[in-house]
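Report on one structure; see the data block that follows.
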Amino acid sequence: MPAPIIKIDAISKSFGAFKVLDGLSMQVMPGEKLALIGPSGSGKTTILRILMTLERIDAGHIQIEGEQLYHMERNGQLLPADERHLTKMRQKIGMVFQLFNLFPHKSVLDNVTLAPMLTKGTPRAAAEKRAFELLDMVGMADKAKNMPAQLSGGQKQRVAIARALALSPKIMLFDEVTSALDPELVNEVLNVMRRLAAETDMTMLLVTHEMGFAHDFADRVLFFDGGKIVEEGKPDEIFSHPKQERTQSFLKKIIAAGHRV
Amino acid sequence: MTAWAGYIELILEGAVVTIKLTLMGSVLALVVAFIAGLGRLSRFFAVRALATAYIEFFRGTSIFVQLFWVYFVLPLFGITLTPLQAGVLGLGLNVGAYAAEVVRGAVQSIGKEQYEACTALNLGRWQGMRHVILPQAFLVMLPTFGNNAIELLKATSIVSLISLADLTFQAQVVRSQTGNTMVPFTTILVIYFALAMLITWGIRRLERRLSRGLDGVRA
């Protein structure tokens, strides 16, 4: 059995008095597509943000490809990671945000080429070539010269996906990437992600309220509540035969709210 | 008539000095503003303290006294400046203190999500600042920078007190030689106003150019 690409070991995280994660442990295998579902405040987005180093953990350990994320091993001791170590570890991870977070003052093309040119020293010509390939894949190559403000939400999100892919991460984190979109624009983003899942061996973690998509997309579904994994399993098991009472009532509420399963 | 031609020349020479002072003072103010403004956002306490001390001191004391201090007291420490150097230094440091707060405020006005995108794309702190945050923040700074530049332009008139022959100084010369107060002072009033309008116009143009595309309108 291959080693897990992500190994989370008893991590805790509080925001003030509110403990979002309490001794959470989980593992993700290379190439696995994981859907994290659950009510808001259950800690699922916090896990993605912790993996992207946007939030620090209060306790516990995380390993990416067997290497500590928040710690450095020095002479057999674990020390808190410095910026250099974090920079090295972040190369393995990319993230797509709910609100796209594109750079409004840069064209679509420049949004995609900026990070490879700055962080990897990729020459402009090579960065642009790669950017066009990625923009083509997400169906946005013809908008390369446009500014983000000229795009619809779905288009912005597809550019944001291309931008994250430009750094060739091994792990991609998708944080409610369709929640801010008008309903008719959701599918164009989901289609891109379907293709990505089918055509690459990237490890993907997806926080979503699109249960139908989670069902099709994921190899494994984790149901979160109160900062803990209440139930996990194959999509069919979770969505068709949830064992836990809390999972059942959550899914019932989601269906009542009009989300497809 | 020939006498008046000479006086007009005096005033124009004064205008050149005023413009020079404004330009050089603005450049110094801009540089100082970015250093002190970003310094206030530093991770390091010593840098923050130094930047804060500079800003509060120069905002909290009179520009008039600052200029006199630079021109008359600094020589006591062995640093003698020409009136122009003293003028540029005094004006630049004073207005730079105000503009530093503009820089800090503008940088802080950029949303958290832009910083998070920088982290997610693995940009270093300075890379993110330079390529993502500052270009957006600069647009926020511009209108207030325009105000600062106009303040600086008007404050240049105090350099006449350290014998620099700017607009105000030359108007005084004309007044004392002709005994006419209305013509010279009205003339420089109009010139100051025209220069201020020029600054306003320039800033507005720059603003329009830099904001192109940001609002979704293809320009």
**Request:** Per residue of A:113-119, count partner chain C-beta atoms within 10 Å of its C-beta, then hand back the mean as an integer.
**Result:** 5
**Request:** Using θ = phi - 60° and the Karplus relation 6.51 cos²θ - 1.76 cosθ + 1.60, list the HN-Hα couplings for the stretch A:12-22 in order, rounded to whole Hz, with x at every Gly or Pro.
**Result:** 10, 8, 10, 10, x, 8, 8, 8, 7, 10, 10
**Asked** Looking at the stretch B:39-141, which trypsin sites (Lys or Arg not before Pro) are DSSP coil and have at most 10 other C-beta atoms within 10 Å of their C-beta?
**Response** B:43
**Request:** Express in whole angstrom the spacing between the alpha-carbon centres of the stretch A:192-258 and the stretch A:24-86.
**Result:** 21
**Contact order relative to length of chain B, as percent, for alpha carbon pairs under 8 angstrom and 6 or more apart** = 27
**Prompt:** How high is the relative contact order of the stretch B:67-191, in percent, counting Cα pairs under 8 Å that sit 6 or more residues apart?
**Reply:** 24
**Message:** Distance between the C-alpha centers of the stretch A:148-166 and the stretch B:94-135? Whole Å please.
**Reply:** 22
**Message:** Along the Cα→Cβ direction, 7 angstrom out, place labels at residue A:257 and residue A:27. What is the inter-label distance in nm?
**Reply:** 3.3
**Separation in nanometres of the label points that stand 7 Å from Cα toward Cβ, at residue B:64 and residue B:201** = 3.3
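Quantify how strongly other chains surround peptide B:135-144 by giving the mean number of their Cβ atoms within 10 Å of each of its Cβ atoms. Intermediate values should be presented prior to the final figure.
On the way: counts 4, 4, 0, 1, 2, 0, 0, 0, 0, 0.
Partner-chain Cβ atoms within 10 Å, mean over residues of B:135-144: 1.
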**Asked** Which pairs break 31 Å Cα to Cα here: A:143/B:112; A:7/A:145; A:88/B:112; A:120/A:234; A:13/A:106; A:106/A:234?
**Response** A:7/A:145; A:120/A:234; A:13/A:106; A:106/A:234
**Fill in**
Here, residue A:86 and residue B:208, labelled 7 Å along Cα→Cβ, have an inter-label distance in nm of 4.3
**Item:** Relative contact order of chain A, defined on C-alpha pairs under 8 angstrom at six or more residues apart (%)
**Value:** 25
**Residue of A:170, A:145, A:156 that the Gaussian network model of chain A assigns the largest fluctuation, springs spanning Cα pairs under 10 Å** = A:145
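Mind checking the alpha-carbon convex hull of the stretch B:2-210 and giving the volume per residue in Å³? Before the final figure, lay out the partial values.
Working: hull volume 27.5 nm³, N = 209.
With only Cα atoms used, the stretch B:2-210 gives 132 Å³ per residue.
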**Debye, to nearest 20: dipole size of chain B, +1 on Lys, Arg Cβ, -1 on Asp, Glu Cβ** = 620
**Asked** With r defined as the distance between the Cβ atoms of residue B:73 and residue B:127 and R0 fixed at 30 Å, what FRET efficiency is calculated, to the nearest 0.05?
**Response** 0.10
**Request:** Can you spot the lysines whose alpha carbon is less than 16 Å from residue B:154's alpha carbon? Ignore those fewer than 8 places along the same chain.
**Result:** B:20
**Prompt:** Counting other C-beta atoms within 10 Å, which of A:107, A:14 has the fewest, and how do the rest follow?
**Reply:** A:14, A:107
**Prompt:** Each residue of the stretch B:73-87 in turn: what ³J(HN,Hα) in whole Hz from Karplus with 6.51, -1.76, 1.60 and θ = phi - 60°, glycine and Pro shown as x?
**Reply:** 9, 3, x, 5, 9, x, 10, 9, 10, 5, x, 5, 4, 4, x
**Asked** Among B:16, A:28, what is the fewest-to-most ranking by other Cβ atoms within 10 Å?
**Response** B:16, A:28
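Of A:165, B:12, how do they rank once you tally other Cβ atoms within 10 Å and put the fewest first?
B:12, A:165
No value in this document is a laboratory result; all are computed from the given coordinates. Treat the numbers as computed from the prediction; the structure is a model and nothing was measured. Neighbour counts run over all protein chains shown; Cβ positions are idealised from the backbone, glycine included.
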